[in-house]
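Q: Questions regarding the structure given below will be posed in turn.
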Amino acid sequence: MGGLLNIGEAVSTQAALYPERIGARDLARALTFRQWNERACRLANALLGMGLRKGDRVAVLAYNCVEWAEIYAAFAKAGLVVVPVNFRLVAEEIRYIAQDAGVRAFIVQHDLVDRTEAVRGALDVPEGHYVHFGSPRCPAGYRDYEALVAAGAPGEPAVSVAPGDAWAFMYTSGTTGKPKGAIRDHAGAALIALVTELDFGFTRADTGLLVMPMCHANSLYFFSAFAYCGATCTVYDRKSFDPEHLLATLAAERVTFTSLVPTHYIMMLGLAEAVKARYDVDRVSKLLVSSAPARRETKLAVMEQFRNSQLFELYGSTEAGWVTLLRPEDQLTKLGSIGREFTGTGRVRLLDDAGNDVPDGGIGELYSRTPYTFRGYWNLPEKTAEAFRGDYCTVGDMARRDADGYYYLVDRKKNMIISGGENVYPSEVEGLLGRHPKVKDVAVIGVPHEKWGEAVHAVVVLHDGATATAEEILDWCRDKIAGYKRPRSIAFLREEEMPRTATGKILHRQLRAMFAK
């Protein structure tokens, strides 16, 4: 069937052209394109041999590791749909995603087996469809990943995969607090890889370091771009962030590109000058600031430390893919901007509530039309309809455009918080805190934080006569929601002090102003 090559076919092509070139690696293991392609074929055939069929969804729960590269390529070859699960989620959040997607198998890394064990009884996953890797000791009830790969046939699977077939369900939290599965297809993945190569100028000579989680869209998109152009992709597999180790890795692996959130840059730049001087990072030629804006001082310090590098910032979403790009020449002259249209973006529109275009300087909801926009939310037709106006897609962000055509975000999607590069939706945290027996009402906001960009802050109204401490409520949250979503601090207000609209809705923007310091 004609159409763009999927990621599995792209790896096959590179294996034929450059079989002994390193294609994917982590800090422990490297795969040539030949090895990568063969292991992906074996894994795909083994999964099909277990009884999985094209279109089946399979959850994957793992820290960053080179197995992600094998899994993404194998699923594309087999026509399976990957459901990447954020390793920072707690068991209840994992259960919801796996149930909602209707997964038929679960691949889990050894260090995270306790999470799957906590939810197995609630999932409709057949016996023998749990796969384990990361330790020679395979737990009872799991298939060993390496044994599966070894037993699988090395040839390409006999499955016809079309460009429009689903490849991944990328779960993103929503304003209702329930995660939504954004459906991404093979054609979209290929197109976003190709336009990424164009705008960043990637070539076969590049070496990319993927620090962001491989379960996130950011790393998935860049991983695809490197595979399509035959560059080496290194997955940074440290479970905790160590700024000196990252700096040393950039030097040792002769990295030319990486994508980091402002917190990563701030921590690296905060190292002693003598420490930074130990590592030669002159080969780094392209850097991306992603997920949150960086201050002018941070940008200047990054450009001083990485003197041979161009600095980029982009705006996008799991649903729309890349939308706008702030290019190196505009970093200081258009400070605070998210840039102009990405190469693959047909057009960006700012619309008012009636669907009319707003003039330059006015504020409207940002809509984009890209050739790689998602296909919709899994089993949520109403939410899918809300995300589109004709061919244009929105995630609810508000923005303005200046006279030069540069865009600026003015309010985030339904008050979203970005803490250390992770998106936190207040409604999800509010829904949890609202179940505390002493809490009458609650609002969650982001407050400035020097290291994380923003910290999650809860403003609580207690039931009449109830008393509670911040520590009591924070401890109650501990095993109920992922750590990055939990409040770092709590303030208590009387009911009459909570700012509200005339209809009783809490004014989050006013709370942010109250607690900004």
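Q: Given the convex hull over the Cα atoms of the range 45-125, what projected area results after averaging over all orientations, in nm²?
A: 4.9 nm²
Q: Right, something else. For the range 251-308, what is Rg from Cα atoms divided by 2.2 N^0.38 Å, rounded to two decimals? Don't skip to the end; give the middle numbers.
A: On the way: Rg = 11.0 Å, N = 58, 2.2 N^0.38 = 10.3 Å.
That ratio works out to 1.07.
Q: In addition: Where the Cα atoms of the range 441-485 are projected onto their three principal axes, how long is each span, largest first, in whole Å?
A: Extents along the principal axes: 37, 21, 14 Å.
Q: Quick one: compute the contact order of the chain, relative version, from alpha carbon pairs under 8 angstrom and 6+ residues apart, as a percent.
A: Contact order relative to length: 12 percent.
Q: Using only the alpha-carbon atoms of the range 1-140, report the extent along each of the three principal axes, biggest first, to the nearest angstrom.
A: 46, 37, 24
Q: Ordering ASP282, ASP124, ASP404 by accessible area with a probe of 1.4 Å, largest first, what comes out?
A: Details: ASP282 55, ASP124 120, ASP404 90 Å².
Sorted descending by solvent-accessible area, the residues read ASP124, ASP404, ASP282.
Q: Find the Rg to Rh ratio for the range 178-228, where Rh is the Kirkwood radius over alpha-carbon pairs and Rg uses the same atoms.
A: Rg divided by Rh gives 1.01.
Q: Right, next: Please sort by residue number the GluC sites (Glu not before Pro) in the range 56-160 whose DSSP state is loop and whose Cβ has at most 16 other Cβ atoms within 10 Å.
A: For GluC sites (Glu not before Pro) across the range 56-160 that sit outside H, G, I, E and B with at most 16 neighbouring Cβ atoms in 10 Å, the list reads GLU127.
Q: Moving on. All other residues with a Cβ under 14 Å from the Cβ of GLY134 taken together, and with Lys, Arg as +1 and Asp, Glu as -1, what is their net charge?
A: -3
Q: Separate question: Report the net charge of residues surrounding ARG254, where surrounding means a beta-carbon distance below 13 angstrom and charges are Lys +1, Arg +1, Asp -1, Glu -1.
A: Working: positive: ARG25, ARG283; negative: ASP206, GLU253, ASP280, ASP282.
Taking every Cβ under 13 Å from that of ARG254, the sum is -2.
Q: Moving to a separate point now. Normalise the Cα radius of gyration of the range 84-214 by 2.2 N^0.38 Å (N = residues in it) and let me know the number.
A: Here the Cα radius of gyration is 1.25 times the empirical estimate.
Q: What is the distance in Å between the Cα centroid of the range 336-405 and that of the range 1-66?
A: A separation of 34 Å, based on Cα centres.
Q: Then there is this: Please arrange CYS477, CYS138 by accessible surface area, largest first, computed with a 1.4 Å probe and ligands excluded.
A: CYS138, CYS477
Q: Determine, at each q value in 0.11, 0.12 (inverse angstroms), the log₁₀ of I(q)/I(0) that the Debye formula gives when each Cα of the chain is one equal point scatterer.
A: Normalising to I(0) and taking log10 leaves -1.00, -1.20.
Q: Within the range 350-455, which trypsin sites (Lys or Arg not before Pro) sit in a loop by DSSP and count at most 13 neighbouring Cβ atoms inside 10 Å?
A: ARG435, LYS451
Q: In addition: So what is the 222 nm mean residue ellipticity for the chain from helices alone, if each DSSP H run of at least 4 adds -39500 (n - 2.57) and you divide by all residues, rounding to the nearest 500 deg cm²/dmol?
A: When only DSSP H runs of four or more count, the value is -8500 deg cm²/dmol.
Q: If you don't mind, another one. Say the cut-off is 19 Å between C-alpha atoms; which of LYS54/LYS77; LYS77/LYS180; LYS451/LYS485; LYS178/LYS440 go over it?
A: Pairs exceeding 19 Å: LYS77/LYS180; LYS178/LYS440.
Q: Evaluate the Debye formula for the range 93-137 with equal point scatterers sitting on the alpha carbons, no solvent, and hand back log10 of I(q)/I(0) at q = 0.28, 0.30 Å⁻¹, in q order, two decimals.
A: Debye intensities relative to I(0), on a log10 scale: -1.10, -1.22.
Q: Continuing with this model, one more query. Two-decimal Rg/Rh of the range 174-315 from alpha-carbon positions, Kirkwood Rh?
A: We get a ratio of 0.98 for the range 174-315.
Q: What whole number of Å gives the distance from the Cα centroid of the range 266-311 to the Cα centroid of the range 168-222?
A: 23 Å
Q: A follow-up question, please. Calculate the length of the line joining the C-alpha centroid of the range 438-474 to that of the range 89-117, in whole Å.
A: Taking the Cα centre of the range 89-117 as reference, the centre of the range 438-474 is 29 Å away.
Q: Also, quick follow-up: To one decimal place, what Kirkwood hydrodynamic radius in Å is obtained for the range 218-299 from all pairs of distinct Cα atoms?
A: On the way: mean 1/r = 0.0728 Å⁻¹.
Mean inverse Cα-Cα distance, inverted, gives 13.7 Å.
Q: Counting each pair of different Cα atoms once, what's the Kirkwood radius of the range 240-397 in Å, rounded to one decimal?
A: 17.6 Å
Q: I would also like to ask the following. Hand me the chymotrypsin sites (Phe, Trp or Tyr not before Pro) from the range 228-276 located in a DSSP loop with no more than 16 other Cβ atoms within 10 Å, in residue order please.
A: In loop regions of the range 228-276 (DSSP not H, G, I, E or B), the sparsely surrounded chymotrypsin sites (Phe, Trp or Tyr not before Pro) are PHE241.
Q: If you take the Cα Rg of the range 400-493 and divide it by 2.2 N^0.38 Å, with N the number of residues, what do you get?
A: Scaled against compact globular proteins, the figure is 1.25.
Q: Note down the net charge around ALA74, summing +1 for each Lys or Arg and -1 for each Asp or Glu among other residues with Cβ under 14 Å from its Cβ.
A: -3
Q: Per the Kirkwood definition applied to all pairs of different Cα atoms, how many angstroms is the hydrodynamic radius of the range 320-438?
A: That comes to 15.9 Å for the range 320-438.
The values are calculated or read from the model by the stated rules, or taken from the named source; none is laboratory data. As the structure is a prediction and not an experimental result, all values here were calculated from the model. Here the Cβ is made from the backbone with ideal geometry for all residues, glycine too, and neighbour counts use every protein chain on show. Accessible surface is based on the protein model in full, side chains and every heavy atom, while ligands, DNA and RNA are left aside. Shrake-Rupley method; radii C 1.70, N 1.55, O 1.52, S 1.80 Å.
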